Number of protein chains: 2
Amino acid sequence: MTRLVLKFGGTSVANLERIRNVARHVKREVEAGNQVAVVVSAMAGETNKLVGLCREASALHDAREYDAVVSSGEQVTSGVLAIVLQDMGIDARSWQGWQIALRTDASHGAARITEIDGGTLIERLEQGQVAVVAGFQGVAPDNRIATLGRGGSDTSAVALAAAIKADRCDIYTDVDGVYTTDPRIVPRARRLDRIAFEEMLEMASLGAKVLQVRSVEMAMVHGVRTFVRSSFDDPDAPQVGAGGLPPGTLICDEDEIVEQQVVTGIAFAKDEAQVSIRNVADKPGVASTVFGSLAEANINVDMIVQNISPDGRTTDITFTVPEGDYERALGVLEEQREAIGYEAIEGARDVVKVSVIGMGMRSHAGIAARCFHGLADKGINIRAITTSEIKISVLIDSAYTELAVRTLHSLYGLDG
Amino acid sequence: MTRLVLKFGGTSVANLERIRNVARHVKREVEAGNQVAVVVSAMAGETNKLVGLCREASALHDAREYDAVVSSGEQVTSGVLAIVLQDMGIDARSWQGWQIALRTDASHGAARITEIDGGTLIERLEQGQVAVVAGFQGVAPDNRIATLGRGGSDTSAVALAAAIKADRCDIYTDVDGVYTTDPRIVPRARRLDRIAFEEMLEMASLGAKVLQVRSVEMAMVHGVRTFVRSSFDDPDAPQVGAGGLPPGTLICDEDEIVEQQVVTGIAFAKDEAQVSIRNVADKPGVASTVFGSLAEANINVDMIVQNISPDGRTTDITFTVPEGDYERALGVLEEQREAIGYEAIEGARDVVKVSVIGMGMRSHAGIAARCFHGLADKGINIRAITTSEIKISVLIDSAYTELAVRTLHSLYGLDG
């Protein structure tokens with residue numbers, strides 16, 4: 001007996017025809033003898049409509065009331081899918097966040113899940129009933145509905161899978177898995193059969209928009225095997241592909257990945273801008289002043305590079321910010337010129353961060369050197385470099401994005 | 001300190017502009033020093049859209065899932081109104097049925113309220129917070145959302161008023177009160193300043209569609225003073241009219257009505273059909289067979305007239321059914337011809353029931369005689385008569401509806 005959580009996003013439940021298609025996926029899993037809980041988003045467009053209503057009502061709307069309004073979208077989908085399943089002869093029941101209960105903290109509008117009581121659901125699942133759970137919502141300590149923020153349904157699904165001790169969480173989405181890189185840029189990109197949690201976390205946060213970063217973090221922490229597959233697959237097609245699974249990508253513990261590649265994928269993030277502060281005094285507290293003032297202005301800083309000072313007196317600091325915050329970041333630093341004490345600020349808008357990701361890096365030397373060499377061979381100048389245990393990121397001119405990604409994709413043997 | 005419940009229906013909250021108008025009504029009451037709870041319906045059209053979605057999902061949809069889907073409409077309105085009120089500087093908070101808790105029985109889709117815990121709301125009201133309550137919904141014993149059936153928001157409002165011991169329940173609707181009869185038929189119809197619960201019950205059930213019958217019953221049982229007024233009034237207009245109230249009709253205990261009229265109003269119900277069973281055996285059990293078989297076929301029977309048998313052996317039974325059930329009623333009686341034992345069935349579709357209503361009838365003789373005389377004077381034939389303590393109903397040909405209503409309206413001195 002396998003216990004599964006199936007999650008379907010807004011485009012997968014955009015209308016009744018698609019909801020019926022979702023129901024056929026559920027039916028297939030039930031008929032295969034599995035216990036099934038389903039997590040659904042609002043029908044595509046509904047959440048935007050409800051958010052618009054709140055904004056029109058007041059520019060500064062109360063997050064608690066916003067949550068009451070916006071969560072109604074998932075409530076509708078869960079009820080409608082339960083009706084469709086019953087119509088197909090499947091015992092099913094919808095569950096709102098407060099009915100489970102899926103408890104969150106008090107951060108209305110972007111709440112975090114604190115606790116899920118899986119007991120009642122497990123009981124129903126064991127009786128053979130399908131649980132259709134409204135995603136994106138829970139109940140806050142004040143007994144009010146709280147939403148988890150955009151993309152929260154992925155997190156709902158993974159958290160629910162952990163709470164009911166599911167064997168797998170299947171994320172049905174509009175792509176059929178996680179690729180070695182964006183197939184629109186590299187036609188020879190391959191779908192990965194498996195990817196380790198840590199790698200997926202880097203892929204997700206670096207711009208591969210398959211899964212919300214928070215849901216991957218949660219899957220990693222709780223060890224929830226998460227399977228990404230296409231909701232547009234024929235529900236009645238044979239379900240046996242690689243590793244006993246249909247086409248898709250399994251995000252799992254690295255131990256489950258028998259043939260670990262050194263490099264798993266190449267990610268890239270456009271919409272970054274580079275800021276360099278030249279000849280800043282190399283003394284304690286400077287970095288704190290720079291990044292503290294940016295944080296106060298609510299500007300997220302990503303890559304940060306600071307070299308050893310050559311003369312022991314001044315150094316350069318380079319970092320990236322979202323492109324939309326570029327002008328504002330320059331303004332903040334201009335204001336703080338006295339406090340920071342620097343000679344000049346330089347920057348560039350047209351930059352891209354390209355990252356090479358792979359668990360295998362930890363045990364293989366020379367991965368970074370090959371990256372730099374490969375890019376240099378193509379005449380691509382590297383503006384900045386940062387690395388972590390399983391990632392190498394380089395900042396380059398965005399005009400070279402495609403060339404760099406394709407070069408690295410070939411270089412690490414990822415071409416299909 | 002006056003505690004008020006204000007109820008606004010779907011047309012009054014149909015869009016944000018109207019919701020803002022509702023908020024101005026609430027604001028006026030708050031600024032007058034009142035404690036205010038508001039009950040809202042779904043935005044006009046929303047409930048129909050959600051019902052359509054359930055029907056399309058399955059012709060035989062589960063009432064519990066239907067309730068989860070359909071109740072989302074009121075959830076949205078309550079949240080949006082709370083946001084708009086806060087934007088106007090008024091402390092407000094939305095409440096869903098399960099949060100109050102407003103408990104119902106298990107009759108999903110047409111649930112009856114069993115209990116409302118007014119404690120939490122009273123506490124908030126006393127702190128000066130406006131409670132915006134989603135109408136039409138409660139929570140059933142199985143911890144699932146239950147809806148109260150069409151028009152249930154009126155019932156929510158009155159039940160809530162009883163639970164929080166409100167001084168008055170103001171029903172804001174698209175008419176400005178209860179009239180002596182339909183003004184479209186009698187231009188000289190007057191708005192009543194006050195009407196007794198019992199009278200309103202007869203008016204409501206006889207076709208004056210201002211308030212749901214169930215809400216009037218509940219108001220009568222709990223003694224909730226209910227005030228019907230127009231939601232299209234200027235919220236900032238002076239609020240002092242007859243009896244210290246703005247234009248509208250107060251439904252109240254008869255003791256509160258100082259100048260009790262003998263006759264309060266003339267109601268009429270079209271869409272009735274008459275069925276007469278001729279020469280049926282005058283023996284025990286016949287009426288039971290007739291009406292039992294109609295009840296089994298789910299046909300509501302209204303007026304029932306049976307005379308003393310002239311010869312002690314056979315008699316005639318006349319009754320009315322909804323016009324839409326007329327053919328079906330004839331079919332049922334045809335099937336039961338053997339069991340009932342009658343000579344013939346006659347009937348008529350084009351009939352109307354006209355009723356004269358007034359608490360004063362109990363103490364005034366001759367009211368009925370004047371009615372029959374007045375109609376005879378105009379050459380209107382009476383097909384059947386039924387009476388109660390406070391009501392005389394006559395069944396006549398529908399061609400005479402306007403003439404009969406106008407005649408009776410004048411006859412009892414109701415013309416404005």
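Please determine whether any residue of the range B:251-266 is at pLDDT below 90 and within 25 Å of B:GLY10 (Cα to Cα).
So far as the range B:251-266 goes, no, none of its residues is at pLDDT below 90 and within 25 Å of B:GLY10 (Cα to Cα).
Would a scan of the range A:31-39 turn up a residue that is under 24 Å from A:LEU211 (Cα atoms), open to solvent by 10 Å² or more (accessible area, probe 1.4 Å) and in a strand (DSSP E or B)?
Checked the range A:31-39: at least one residue is under 24 Å from A:LEU211 (Cα atoms), open to solvent by 10 Å² or more (accessible area, probe 1.4 Å) and in a strand (DSSP E or B).
Considering A:ASP174, A:ASP170, which residue is open to solvent by 40 Å² or more (accessible area, probe 1.4 Å) and either closer than 30 Å to A:ALA32 by Cβ or touching a helix residue (DSSP H, G or I) at 6+ places or on another chain (Cβ under 6 Å) (or both)?
Details: A:ASP170 fails: open to solvent by 40 Å² or more (accessible area, probe 1.4 Å).
Within the list A:ASP174, A:ASP170, the selection yields A:ASP174.
Filter the range B:261-290 down to the residues that are open to solvent by 70 Å² or more (accessible area, probe 1.4 Å) and in contact (Cβ under 8 Å) with a residue 12 or more places away in the chain and list them by number. It would help to see each step written out before you state the result.
In the first step, residues of the range B:261-290 are kept if they are open to solvent by 70 Å² or more (accessible area, probe 1.4 Å); the result is B:261, B:270-271, B:278, B:283-284, B:288.
Selection gives B:GLN261, B:LYS270, B:ASP271, B:ARG278.
Kindly indicate whether B:GLU74 is among the charged types (D, E, K, R), part of a helix (DSSP H, G or I) and surrounded by 24 or more Cβ atoms within 10 Å (Cβ to Cβ). Don't jump to the end; show me each part of the working.
Details: among the charged types (D, E, K, R): yes; part of a helix (DSSP H, G or I): yes; surrounded by 24 or more Cβ atoms within 10 Å (Cβ to Cβ): yes.
Yes: the conditions hold for B:GLU74.
Just to be sure I understand, how many residues within the range A:187-213 are open to solvent by less than 70 Å² (accessible area, probe 1.4 Å) and assigned to a loop (DSSP other than H, G, I, E, B)?
Within the range A:187-213, residues that are open to solvent by less than 70 Å² (accessible area, probe 1.4 Å) and assigned to a loop (DSSP other than H, G, I, E, B) number 7.
Here's the yes/no breakdown for (1) under 24 Å from B:ILE195 (Cβ atoms); (2) out of contact with any strand residue (DSSP E or B) (no Cβ under 9 Å at 6 or more places or on another chain); (3) not polar (S, T, N, Q):
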site	(1), (2), (3)
B:ASP236	no, yes, yes
B:GLY265	yes, no, yes
B:VAL305	no, no, yes
B:PRO310	no, yes, yes
B:ALA329	no, no, yes
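Go through the range A:129-167 and report how many residues are surrounded by fewer than 24 Cβ atoms within 10 Å (Cβ to Cβ) and within 13 Å of chain B (Cβ to nearest Cβ).
So the count comes out to 6.
Sort through B:ARG64, B:ARG55, B:ARG28, B:ARG20 and tell me the only one that's open to solvent by 40 Å² or more (accessible area, probe 1.4 Å) and either in contact with a Phe, Trp or Tyr (Cβ under 8 Å, 6 or more places away or on another chain) or farther than 30 Å from A:VAL132 by Cα (or both). Explain how you work it out, then say what you get.
Details: B:ARG64 fails: either in contact with a Phe, Trp or Tyr (Cβ under 8 Å, 6 or more places away or on another chain) or farther than 30 Å from A:VAL132 by Cα (or both); B:ARG55 fails: either in contact with a Phe, Trp or Tyr (Cβ under 8 Å, 6 or more places away or on another chain) or farther than 30 Å from A:VAL132 by Cα (or both); B:ARG28 fails: open to solvent by 40 Å² or more (accessible area, probe 1.4 Å).
Checking each option against the conditions leaves just B:ARG20.
Cβ-Cβ distance below 6 Å, separation of 6 or more or different chains: which pairs start in the range B:342-369 with a residue that is among the polar types (S, T, N, Q) and end on one that is crowded, with 17+ Cβ neighbours inside 10 Å?
Filtered contacts from the range B:342-369: B:SER355/B:LEU206; B:SER355/B:ALA267; B:SER355/B:LYS391; B:SER355/B:SER393.
For the range B:82-126, which positions are facing chain A (nearest Cβ under 10 Å), open to solvent by less than 10 Å² (accessible area, probe 1.4 Å) and part of a helix (DSSP H, G or I)?
Hits for the range B:82-126 are B:ALA82, B:ILE83, B:VAL84, B:LEU85.
Please list, ordered by first then second residue, the pairs with beta carbon atoms under 7 Å, 6 or more apart or interchain, first in the range B:164-190 and closer than 14 Å to B:PRO246 by Cα, second among the acidic types (Asp, Glu).
As it stands, the answer is B:ILE171/B:ASP154, since those pairs meet every condition given.
Can B:VAL40 be described as closer than 22 Å to A:ASN143 by Cβ and at the interface with another protein chain (Cβ under 8 Å from one of its Cβ atoms)?
no
Could you check how many residues of the range A:299-316 are under 21 Å from A:SER398 (Cα atoms) and either assigned to a helix (DSSP H, G or I) or touching a helix residue (DSSP H, G or I) at 6+ places or on another chain (Cβ under 7 Å) (or both)?
We begin by selecting, within the range A:299-316, every residue under 21 Å from A:SER398 (Cα atoms); these are A:300-305.
If we keep only those that are either assigned to a helix (DSSP H, G or I) or touching a helix residue (DSSP H, G or I) at 6+ places or on another chain (Cβ under 7 Å) (or both) as well, we get A:301.
The total comes to 1.
What number of residues within the range A:350-373 satisfy the criterion of being of a type in the set (Gly, Ala, Ser), open to solvent by 10 Å² or more (accessible area, probe 1.4 Å) and at pLDDT 90 or above? Walk me through it before giving the result.
Pass one, the range A:350-373, residues of a type in the set (Gly, Ala, Ser): A:355, A:358, A:360, A:363, A:365-366, A:368-369.
Okay, now just the ones that are also open to solvent by 10 Å² or more (accessible area, probe 1.4 Å), so A:363, A:365-366, A:368-369.
In the following step, the residues that additionally are at pLDDT 90 or above were identified as A:368-369.
Total meeting the criteria: 2.
If the requirement is being aliphatic (A, V, I, L, M) and more than 21 Å from the chain's Cα centre (by Cα), which of these qualifies: A:VAL321, A:VAL332? Lay out the reasoning, then the answer.
Working: A:VAL321 fails: more than 21 Å from the chain's Cα centre (by Cα).
When all the criteria are applied, what remains is A:VAL332.
Only one of A:VAL221, A:VAL216 is in the same structural domain as A:LYS27 (by TED's automatic domain parsing), open to solvent by less than 20 Å² (accessible area, probe 1.4 Å), part of a helix (DSSP H, G or I) and of a type in the set (Val, Ile, Thr). Can you tell me which?
On the way: A:VAL221 fails: open to solvent by less than 20 Å² (accessible area, probe 1.4 Å).
The unique qualifying residue is A:VAL216.
Using the structure shown, decide if B:ILE304 is touching a residue at least 12 places away in the same chain (Cβ under 8 Å) and open to solvent by less than 50 Å² (accessible area, probe 1.4 Å).
Values: touching a residue at least 12 places away in the same chain (Cβ under 8 Å): yes; open to solvent by less than 50 Å² (accessible area, probe 1.4 Å): no.
It is false that B:ILE304 is touching a residue at least 12 places away in the same chain (Cβ under 8 Å) and open to solvent by less than 50 Å² (accessible area, probe 1.4 Å).
Return only the number of the condition from (1) surrounded by fewer than 23 Cβ atoms within 10 Å (Cβ to Cβ); (2) within 12 Å of chain A (Cβ to nearest Cβ); (3) modelled with pLDDT of 95 or more; (4) farther than 21 Å from A:ASP142 by Cβ that B:LEU4 does not satisfy.
(2)
Search the range B:344-374 for residues being part of a loop (DSSP other than H, G, I, E, B) and over 28 Å from the mean Cα position of the chain (by Cα), and hand back the single one that is farthest from B:TYR400 (Cα to Cα). Give the steps one after another, and end with the answer.
Looking only at the range B:344-374, we keep the residues that are part of a loop (DSSP other than H, G, I, E, B), and these are B:358, B:364-366.
Filter once more, so that each one left must be over 28 Å from the mean Cα position of the chain (by Cα): B:365-366.
On the way: B:ALA365: 26, B:GLY366: 23 Å.
Looking at the filtered set, the residue picked out is B:ALA365.
Does the range A:47-66 hold any residues that are under 22 Å from the mean Cα position of the chain (by Cα) and either of a type in the set (Val, Ile, Thr) or facing another protein chain (nearest Cβ under 10 Å) (or both), and which are they?
Answer for the range A:47-66, where residues must be under 22 Å from the mean Cα position of the chain (by Cα) and either of a type in the set (Val, Ile, Thr) or facing another protein chain (nearest Cβ under 10 Å) (or both): A:THR47, A:VAL51.
Every residue in the range A:150-186 that is of a type in the set (A, V, I, L, M) and either in a loop (DSSP other than H, G, I, E, B) or more than 16 Å from the chain's Cα centre (by Cα) (or both), please.
Initially, the range A:150-186 is screened for residues of a type in the set (A, V, I, L, M), giving A:157-164, A:166, A:171, A:175, A:178, A:185-186.
A:LEU160, A:ALA161, A:ALA162, A:ALA163, A:ILE164, A:ALA166, A:VAL175, A:VAL178, A:ILE185, A:VAL186, listed by residue number.
Taking the range B:311-346 as the region of interest, how many residues are open to solvent by 40 Å² or more (accessible area, probe 1.4 Å) and under 30 Å from B:THR181 (Cα atoms)?
Going through the range B:311-346 one residue at a time, the tally reaches 3.
Given the criterion out of contact with any Gly (no Cβ under 7 Å at 6 or more places or on another chain) and within 13 Å of chain A (Cβ to nearest Cβ), identify the matching residue among B:ARG18, B:ARG28. Write out each step before concluding.
Details: B:ARG28 fails: within 13 Å of chain A (Cβ to nearest Cβ).
Checking each option against the conditions leaves just B:ARG18.
Could you list all residues from the range B:225-260 that are among the polar types (S, T, N, Q), assigned to a loop (DSSP other than H, G, I, E, B) and open to solvent by less than 60 Å² (accessible area, probe 1.4 Å)? Please lay out each step first, then the result.
Our first condition is that a residue be among the polar types (S, T, N, Q); within the range B:225-260, this holds for B:226, B:230-231, B:239, B:249, B:260.
Going one step further and asking which of them are assigned to a loop (DSSP other than H, G, I, E, B), we end up with B:231, B:239, B:260.
Once the filter is applied, which keeps residues that are among the polar types (S, T, N, Q), assigned to a loop (DSSP other than H, G, I, E, B) and open to solvent by less than 60 Å² (accessible area, probe 1.4 Å), the range B:225-260 yields B:SER231, B:GLN239.
The values are calculated or read from the model by the stated rules, or taken from the named source; none is laboratory data. From a predicted model like this one, the values you see are computed outputs, not experimental measurements. Don't worry about glycine lacking a Cβ; one is built from the backbone with ideal geometry, like all the others, and counts go over all protein chains shown. Side chains are part of the model used for accessible areas, which takes the heavy atoms of the whole protein and leaves out ligands, DNA and RNA. Shrake-Rupley method; radii C 1.70, N 1.55, O 1.52, S 1.80 Å.
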